[in-house]
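Derivation of every value follows stated rules applied to the coordinates shown; laboratory data play no part. Values in this document were obtained by computation on a predicted structure and should not be read as measured data. When we count neighbours, we look across all protein chains shown, and the Cβ atoms used for this are built from the backbone with ideal geometry, even at glycine.
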Amino acid sequence: MTLFMDAEMPVFADFMDGDAAVVHRVRVALEDTESGKVVYLHLTEGEPVKWSVRDVRRLRDQAGRDAVTYGLAGEHPARLVVRDASLNAELGRLCPHLDRHNNTPHLMRRLVILSAAAIASVALIVFVLVPKLADQMAVLMPAKGEQALGDATFKQIREALAQNSTTQLKLCDAPEGKAALEKLVARLLPGTDFPYDIRLHVLDHKMVNAFALPGGHIVMFRGLLNEAQSAEEIAGILGHEMGHVEHRDPTRLALRSAGSVGVLGLLLGDFAGGAVVLFLTERLIQAKYSQGAEAASDEYAHALLAKAGLPSSRMGDFFRRLGKKDKDNSLLSHLASHPDPVARIAAADAANTVADDYERVLDDQEWQALKGICN
Amino acid sequence: MFDQSLQTDYAGTRGPLFWLALKTSTLTVLTLGIYRFWMKTRIRRYFWSAIRPGGIALEYSGTGVEKLMGFLVAVVVLAFYIGVFNLILMFLSFSLLNNNVVAYLASFVGLIPIYFYARYRARRYILARTRWRGIRFGAESAAWSYAWRAMLLWLATILSLGIYLPRQIFRLEKFRTDRTWYGQQKFCQTGNWKMLLRGARHYYIGLGLTITAGLGGFVNQSMLGLLVLSLPWLAIGFVHLRVTAFRRMTDAKRLGNDIGFCAHPRTGRVLGIYLLGYFLVGLCLVMSMVLLILIAVVVMVMLQSGALGYDSFGALFSGKGKSAEYLVYVGIALVYFGFFILLGVLRQVFVTLPMLRHYAETLEIRGGHHLATIRQRPRDEFSEAEGFAEALDIGAAI
């Protein structure tokens, strides 16, 4: 039985058999046979081509409504282009799976395996290979190289934190303040053997933070000095940063991010806002890795303080106060990369071996000079 | 037999493309970028199907899945290369030379061969997934020798201060064309690089003026003022060179012995499409951003007056309302992502679409009746798809 268009009103379409680059003008007929409904494509000569309606597919995302291109399920390249609107409507009605395009089921399994393998290998590269290599290289790197790396980073940081892009953030160097700082370092450092000199800087910025850079740079912000209530607290924080210097953590970190930033950039690609995600992901990776390093530097600081006859419990005081005050986000960034503050405070208190009548590291006048180093 | 000439129709329209691009790029952002492989696939399907040489549309048969898989493979290879290579470079550079300039430079130079390799592979993948009249296109595997050649030719171009450019354009195009197939028939690039010279004269004038200005600048600072004239001349001359080179080289392409092509895109039209297109993109962006800000202001005023019934939101300006604060963050995120989504979408609609239309409508195939002898070629599995190009963000417009 003919379902659509008899011979008196023939409907034609363009047919390509997927074997030769020829466009055949075919007469289209839809018929009911015992094996189901079939689309007959009558060529000018020879047997008609038969497409079962169950196999007919309509190509997706096609431009222009005047012509619709049909194909068969699977990879078969034969195509039928129909420009007759009523035939298109009829095909839409009769072909049950016109828009079922599951032509890659065999790929799905491979996709899952491949995704897992890819994530595993990139994780291995970023979390194991690059850090291991960086650890090895940080030890091997000559002191001069580390200093150059530190100098470059320090300059970048000062530029990044400056109000406008053409200047660098101001270095605080009031002479009395500097003298006090040197006295403090001298008390902490005798007998410690670094491959390079410790270079201590105070930057004029309200952030409550301090950090170490490759090659012996230790940087404190004015905000940290403002927040501290005694020179012993500052001594504890300096001890902590010296621990990083001793363990070459900043060099490790710089080498690590040299390796991993590029890799992450690859992964996240070019979608909008990729840079933000890149930054956050990088932070997370560093944070995960630095927890151990932070604890080790705390221990180093405790030992340094004990040797200098200073109480490590003052370090705990500082964190305690900061923790109480912190209602906004200023500590949030600190938390991500540093161990739990409660544990740090407990460790600092537990490590304390110095009685309360210790010799103060700075007298009141020197302490005030240090606090005013940025004036 | 008559020389049958096939004209090319173009069926793409702005409306459907706009909605397709908007939908797919929103999904891309929502899926943290993973949907971009499907976005590319769908946009290509649209553009390909819009181009109809001899009335039959091109077909793009690539899939999102294979692109994602290719990307994963490329990421693993490149992650190892970039991660370890950069690290070693950084270490050596600081250890031996005490600075990082060499490391950055070497890291960049090390990616150049991969860049050309990826370009060729991406082209091969796209050809392998392009069909016309049911017959597949294809390209031979020659990515490394292409990369090698491209680097040498680019080096020659740079060392000659750009004078070598026409020859470079021709030789790279010949390399690619001579390895391109339609079914079991091979393309061939005839002619030689000298046929590009006529279209290169404005490029050379602009180049000459720019070099004069640059050299003169050492002697007399005021010579640099010449750049105001020479740089636009150079830029327009460059576009003219590219357009005429496309024209001449397409006219000199053969498919087998009997099928030829004729392209006549015009420089003025191409420049016009760019200028008008980007003007419209900018205009639409500004208008939609203004609209967004107006909506934001209205919402804020309504919130503050409690018109929406959320009292806690009213606390926005007193600094107590947490939920109101989140609302502001959501608003900022919407504007940020909305801007990038809209930029991409509008560029497709106002620049890529009219440009393709112009190139399509000015393309003819000569000797179309000889196509009948061309047979199908086997499917090129090419499981890595365009993964390397995708991973390295080698931006193709589509």
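Things worth noting here:
- If you wrap the Cα atoms of the range A:2-94 in a convex hull and average its projected area over all directions, you get 6.3 nm².
- Derived scalar couplings between HN and Hα for the range B:102-110 equal 4, 5, 4, 4, 5, 4, 5, 4, x Hz in order, rounded to whole Hz, by the Karplus curve 6.51 cos²θ - 1.76 cosθ + 1.60 (θ = phi - 60°), x for Gly and Pro.
- Distance (nanometres) between label positions extended 7 Å along Cα→Cβ at A:LEU43 and A:ASP363: 10.9 nm
- Zone of A:HIS97's modelled label, taken as backbone nitrogen in the range A:47-78 under 15 Å from a point 7 Å along Cα→Cβ: A:51-59, A:71-76
- Cut-off 20 Å (backbone N to label point 7 Å along Cα→Cβ of A:ALA306), residues of the range A:231-245: A:232-245
- Each label point was placed 7 Å from the Cα along the Cα-to-Cβ direction; for B:CYS284 and A:ARG65 their separation is 2.0 nm.
- Averaged over the residues of B:327-340, the number of partner chain Cβ atoms lying within 10 Å of the residue Cβ comes to 1.
- Label-reachable residues, the range A:118-151, where backbone N falls under 11 Å from a point 7 Å from A:GLN168's Cα toward its Cβ: A:151
- Helix-only arithmetic for the protein assembly as shown: the sum of -39500 (n - 2.57) across DSSP H runs with n ≥ 4, divided by the residue total, places the mean residue ellipticity at 222 nm at -19000 deg cm²/dmol.
- Separation of the B:VAL330 and A:ALA123 label points, Cα + 7 Å toward Cβ, nm: 3.2 nm
- Note on B:LEU161 and B:LEU275: with the Förster distance fixed at 25 Å, the Cβ-Cβ geometry gives a FRET efficiency of about 0.35.
- Chain lengthening between A:ASP204 and A:ARG321 when straightened (0.36 nm per residue, less Cα-Cα): 39.9 nm
- Restricting attention to the protein assembly as shown, close to 90% of DSSP beta bridges with both partner residues there are antiparallel.
- Vicinal HN-Hα couplings computed from phi for the range A:49-55 (Karplus, 6.51 cos²θ - 1.76 cosθ + 1.60; Hz; Gly/Pro x): 7, 10, 10, 5, 4, 5, 9
- Across peptide A:145-151, the mean count of Cβ atoms from other chains lying within 10 Å of each residue's own Cβ comes to 5.
- Set against the 2.2 N^0.38 Å expectation for a compact globular protein, chain B has a Cα radius of gyration ratio of 1.19.
- Shielding by partners for peptide B:129-138, expressed as the average number of C-beta atoms from other protein chains within 10 Å of each residue's C-beta, is 5.
- For the range B:105-214: rounded, prolate or oblate by the Cα gyration tensor [a/c cutoff 1.5]: oblate
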